[in-house]
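K.L.:
There's a structure below that I have some questions on.
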Amino acid sequence: MNDASGPPSELPDHSSGSANDAGIGLAPEAHLLHIVGRMAHLGAWSLSLPRRELIWGASALRIFEAPEHHAPSVEALLDFVAPVHRDRVAEALQRCIEWGDTLDEQYRALTVTGREVWVHTLAEAVRDEQGHIVRVDGVCKDITEQKLAEVALQESEARFRSLVEGVERVSVQGYDSARRVIFWNKASERLYGYTREEAIGQQLEDLIIPPEMRELVIEGTRQWLEAGVVSVPAEELVLRHKNGSPVPVYSSHTMQRSASGEAQLYCVDVDLSERVQAEALRHQLEGQLREAQKLEAMGTMVGGIAHDFNNVLGAILANVMLAREALPADHLAQSHLGLIAKGGQRARSMVQQILAFSRRQAQELRVVNLQKQVQESLALLQAGLPPQVALGLKQGDPSLCVLADPAQLQQVLMNLCTNAQQALPAGGGRVELSLERVRLRSSPHEPGPDLPDGDYALLTVADNGCGMDAKTRLRIFEPFFTTKPTGQGTGLGLSVVHGIVLAHRGAITVHSVPGAGTRFQIYLPLVDAVADPSSEWGALQAASGQEQGLHIVYVDDDEVLRLTVESLLRRVGYRVTLCSSADQALAEVMVPGAGIALLVTDYNMPGRNGLELAQMLSQLRPLLPVLLSSGYFSDEMHAQALRLGVRGLLHKERLLEELVDKVREVLQTAA
Ligand code: ADP
C-alpha cells in the first residue's frame, strides 16, 4: 500500500543523502529491503514531485554503474534510456506523473560507463491525502542476461526455422493433434505438389497418403499423438504427389509439444526419387549389357560356324568345278552340278555376309579396277534375275582403280543390287549402276559426303523401285533393321555395306523418294592404276609353261581340302605331294632328290603347327619357299612369319580361289 508519509524505507531519507553499499546506518526494515534489492539485482528510486527531486538506492546506482552519491536530475534519468526507447519511457513516466498510471517498461539503457544494459522498471504514483500525486516510487531490475538469452533464443529459432524452411530435398511437415497440417516447408511444396496455402489446415491422410495406407496412418498417428511418442523407426515409404504419382521417400517422424502442451507430429521426408530412378536406370543398363554380351557371344559363335561353313563350301565349289571340267559338256550330270554350284555360291555369299558382319573376314587390300569388278559382279547377279528386271552399268570409266578387298567390294555390290531388285515392283523395273570420277572440295554451301578433299571414284546404284520414307532412311544402316517380312530380310545387308565402305576410307550416301526410287552413292579414294591383277577365278587358268611339273608339297590335316588342293594344282600342271602333318612333311622334304619347289602349309594342325614347321624348314631347307595358310592371322603370327622368311600368307576362307595365283607368283619370283 502506498502512502504519502515518505519515500520507501530502502531509500535514504532525503535529508540523510543516499545509502551506502553496505547498508550501514539503515533502519532494520530498510536494511532488509537493501539486502533483497542486492540479491535480486533490484534498484529503487523515488521521485519527489513538487521538488522534482530524485533519490537513488545503492542497487539502482550499481545497475547504472554510477558512482556513490551520484544524484542525477529527472532529465538526466531519461538520458540513461537508450535513444530508441527513450520516447516510450518518457511518455510512460509522464502518464504516471500526471494520471497515476503504473509505469511498467523494459528498455535498453546506457550505464555511466557507456555499457548497454536491459532494464525493467516498475513505478507507481504516490498521492497525498487530497489525492494529488506527490511522488513516484520505482524499482528497476537489470534484465540484461534474460534479454540476451531471449534474443539468442529468438535468433536461434529464426535460424532453425529458415533452415527447415529452406532446406532442399528434405520435406518437413508438422501436424497438430487432429492430423491437420500446421507446418509445410518449401521442399514439401516441391516434393508433394501442394503449396503451403493449399496444405495448411488439410488432413494428413487427405494430402499425401495413398488410399491403401490411409487407415494405417490414421490409427498409427492417433496412437502416437495420444502417447506422445513415435513408435516406428524411420522407413522407406511410397507416398503420393498431388497429381497422384508415387513419391518414394525415406520418412522419419518426431513428436513435439506446442507452448500449450499439445502434442504435434513432425514428419521429415527425404526425397528418394533420384535414387529410385538411378536404380531403375542401372537395372535397365545391366539388362542391356547382358543382352549385348549375349549378342557378342552369339556373334562370336556364329562367326566361328560361318568360318567353318565357308571353308566347307569353298571345297564343295572347287570340287564341283573340277567335276564339271572332267565331264563332257553334254553330260547329263552337268546341269545338276550347275545347280549345285549355283546353290553353293548363294550359300557362300550368305556365309560371307555373316563373316563380314562378325568381323572375322580379313581385309586384304589390293589395287582393284572398279569397272572390271562391277562387271564381274553384274555377271554373277544377272544370271539369277527374272527377265523383267533390267540391270546394267550405264556409264563406266575403265581407268578407275581403288585400294580394296575385292571380295568385300563384291559383297557391297551384291547387297545393294539385291536390295534394289527387291524394291522393284512385281512388273519389273530398272537397276542402273554408274561409275565416275569426282573431285571433292569441301564447300560450306554444298553438303557432301564427310570425306577429306581429294579424287574419288563414285559408284552409284540406282533403282526405280518403291523408295523409302525419311523414317526408314534414317535407320537403314542399323544392324538388324529391316522392313521385310521375317525370313526375307536379316537387316544385315546395309550395315555390312556401311562397315565395308568405311573400312575402305570411303563414304556412302542415300537419296530416296517414296514411290520414285532410291540412289545409293559410294565414294572410294582413287589410287593410281598398276598392273591389273587377275581376277580370282581367272587364276584357274593354266600356269605358264615354265612352272609346269614343279613339285609342291601341301600340308593340311583336313582331308577334303588336301584332295581339293591336289586337284586344283594338278589341273594347272604341278606335281603334288600331300601331307597330313608337319612331321610327315619334314620327312618328305628330307628325302634326297625330292626336288621340292614349294611347300604350302596350314597353320592350325595337331602336333607341330605351320609356323613351327616353317621354323624347322628355315634351318633344314633355307632355300625352300614356304606359303602359310590360316583362318586368322594375329599381329604376332604376321611378325613371326616375316622373321622366318615365309613367302606369303593365304587366308583360308579364300584359299581355293587364291592358291593357284599365289603359288605361281612365288614360283615365278623363285625361278
Ligand atoms: P534387309 O534387306 O535384310 O532388310 P538391309 O540392311 O539390306 O536389310 O536393308 C534395310 C532396309 O533398308 C530394308 O529392309 C529396306 O526397307 C530398306 N532398303 C534398302 N535398300 C532399299 C532400296 N533400294 N529401296 C527401298 N528400300 C531399301
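K.L.:
Based on the alpha-carbon gyration tensor of the chain, what equivalent-ellipsoid semi-axes (square roots of 5 times the eigenvalues) come out, in whole Å, largest first?
P.N.:
Details: eigenvalues 2482, 188, 135 Å².
Semi-axes, largest first: 111, 31, 26 Å.
K.L.:
Something else about it: Work out from phi, with θ = phi - 60° and the Karplus expression 6.51 cos²θ - 1.76 cosθ + 1.60, the ³J(HN,Hα) of each residue of the stretch 238-248, listed in order in whole Hz, and give x for Gly and Pro.
P.N.:
Coupling constants for the stretch 238-248: 10, 9, 10, 7, 3, 7, x, 6, x, 10, x Hz.
K.L.:
Now for a different question. How much length would be gained if the chain were fully extended between Thr486 and Thr418, taking 0.36 nm per residue of separation minus their Cα-Cα distance, in nm to one decimal? Before the final figure, lay out the partial values.
P.N.:
Numbers: separation 68, 0.36 × 68 = 24.48 nm, distance 1.67 nm.
Contour length minus Cα-Cα distance gives 22.8 nm.
K.L.:
In addition: May I ask you to evaluate 6.51 cos²θ - 1.76 cosθ + 1.60, the Karplus curve with θ = phi - 60°, for each residue of the stretch 207-224 and list the ³J(HN,Hα) values in order in whole Hz, giving x for glycine and proline?
P.N.:
Values per residue, Gly and Pro as x: 9, 10, 9, x, x, 5, 9, 3, 4, 4, 5, 4, 5, x, 5, 4, 5, 4 Hz.
K.L.:
So, counting K/R as plus one and D/E as minus one, what does the shell of residues with Cβ under 13 Å around Gly467 add up to? It would help to have the intermediate numbers written out before the result.
P.N.:
On the way: positive: Lys471, Arg473, Arg519; negative: Asp463, Asp469.
Taking every other residue near Gly467 into account, the sum is +1.
K.L.:
Suppose each label sits 7 Å from its Cα in the direction of the beta carbon; what would the Ala90-Ser156 distance come out to in nanometres?
P.N.:
Once both label points are built, they end up 3.8 nm from each other.
K.L.:
Still on this structure: Any idea of the accessible area per residue across the chain, 1.4 Å probe, to the nearest Å²?
P.N.:
Values: 35790 Å² over 671 residues.
Averaged over the residues of the chain, the accessible area is 53 Å².
K.L.:
A further question follows. Carbon and sulfur atoms: what percent of the 1.4 Å accessible area of the chain do they account for?
P.N.:
On the way: 19700 of 35790 Å².
The value for the chain is 55 percent carbon and sulfur by accessible area.
K.L.:
Based on the Cβ-Cβ distance of Asp635 and Asn243, what FRET efficiency does E = 1/(1 + (r/R0)^6) give at R0 = 51 Å, to the nearest 0.05? Could you put the intermediate results ahead of the total?
P.N.:
On the way: r = 60 Å, r/R0 = 1.18.
About 0.25, to the nearest 0.05.
K.L.:
Still on this model: Starting from the Cα-Cα distance between Ala594 and Glu98, subtract it from 0.36 nm times their residue separation and give me the gain in nm to one decimal. Write out the running numbers ahead of the final one.
P.N.:
Numbers: separation 496, 0.36 × 496 = 178.56 nm, distance 14.67 nm.
That works out to 163.9 nm of additional length.
K.L.:
Sticking with this one: Can you give me the long-range amide H partners of Val600? Hydrogens built in the peptide plane at 1.01 Å from N, cutoff under 5 Å, separation of 5 or more residues or another chain.
P.N.:
Val553, Tyr554, Val555, Leu627
K.L.:
For the chain, what does the helix formula give at 222 nm: sum of -39500 (n - 2.57) over DSSP H segments with n ≥ 4, over the residue count, nearest 500 deg cm²/dmol?
P.N.:
Working: 20 runs with 279 residues, N = 671.
Value at 222 nm, helices only, nearest 500: -13500 deg cm²/dmol.
K.L.:
Which whole-Hz ³J(HN,Hα) couplings does the stretch 325-336 yield from phi under the Karplus relation 6.51 cos²θ - 1.76 cosθ + 1.60, θ = phi - 60°, glycine and proline marked x?
P.N.:
Running phi through 6.51 cos²θ - 1.76 cosθ + 1.60 with θ = phi - 60° gives 5, 6, 9, x, 4, 9, 5, 4, 6, 4, 5, 5 Hz.
K.L.:
Run the quick spin-label model on Val513 and Ala326: label points 7 Å from Cα toward the beta carbon, then report their separation in nm to one decimal.
P.N.:
5.7
K.L.:
A further question on this structure: What nm value, rounded to one decimal, do you get for the distance between Leu32 and Glu226 when each label is placed 7 Å out toward the C-beta?
P.N.:
5.4
K.L.:
Want the number for Glu566 to Ala40: 0.36 nm per residue separation, take away the alpha-carbon distance, what's left?
P.N.:
Stretched out fully, the Glu566 to Ala40 stretch lengthens by 176.9 nm.
The values are calculated or read from the model by the stated rules, or taken from the named source; none is laboratory data. Because the structure is a prediction, the values reported are computed rather than measured. So basically every Cβ, Gly included, is an ideal-geometry build from the backbone, and we count neighbours across all protein chains shown. Quick note on the areas: whole protein, heavy atoms, side chains included, nothing else; ligands and nucleic acids left out. Shrake-Rupley method; radii C 1.70, N 1.55, O 1.52, S 1.80 Å.
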